[in-house]
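Worksheet: one structure, shown below.
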């Protein structure tokens, strides 16, 4: 694996939302986000690799106002508190998202972050940080 390939894979962002929020998100329409913790599963297989995560952090910090992906709308009103990376050349984000669905059930927004695949969602919710962390760790280790 060369240096460029070593910077690619899948990731899970853990976000904290301190207050309930509602946002209009493209074709998904109006989405209500409850106060609590969210896990977002993304792909870093594109040309920028894991540098995509830096963009998510800039949006979360208010340093990037462009809303390009579903997660931009949530990360702009929440705080990224943890990041889990899976270094791979394979498309594993859907396997991770499916595993999280098995752990967290239907605590997700249907279609969020999954408009280019058949997954129910790539975003999962819990009131408890420990529960979302356990699902993220278990899901990234299972694959």
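Given R₀ = 30 Å, FRET efficiency for residue 127-residue 54 by Cβ-Cβ distance, to 0.05? Intermediate values should be presented prior to the final figure.
Details: r = 29 Å, r/R0 = 0.96.
Plugging the Cβ-Cβ distance into 1/(1 + (r/R0)^6) gives 0.55.
Taking the Cα atoms of the stretch 17-92, report the difference between the largest and smallest coordinate on each principal axis, in whole Å and largest first.
Dimensions of the stretch 17-92 along the principal axes of its Cα atoms: 36, 26, 25 Å.
Can you give the direction-averaged projected area of the convex hull of the alpha-carbon atoms in the stretch 5-142, in nm²?
On the way: hull surface 29.8 nm².
Its average projected convex-hull area is 7.5 nm².
Using R₀ = 35 Å, calculate the FRET efficiency as 1/(1 + (r/R₀)^6) where r is the Cβ-Cβ separation of residue 21 and residue 118; round to 0.05. It would help to have the intermediate numbers written out before the result.
Details: r = 28 Å, r/R0 = 0.79.
The value I calculate is 0.80.
Quick one: length gained pulling residue 85 to residue 30 fully straight, 0.36 nm per residue minus the C-alpha distance?
Details: separation 55, 0.36 × 55 = 19.80 nm, distance 2.98 nm.
Gain in length upon complete extension: 16.8 nm.
Quick note: the coordinates plus some simple rules give every number you see, no bench work behind them. The structure presented is a predicted model; accordingly, all values stated were derived computationally and were not measured. A quick note on method: Cβ atoms are made from the backbone with ideal geometry, for glycine too, and the neighbour counts reach across all protein chains shown.
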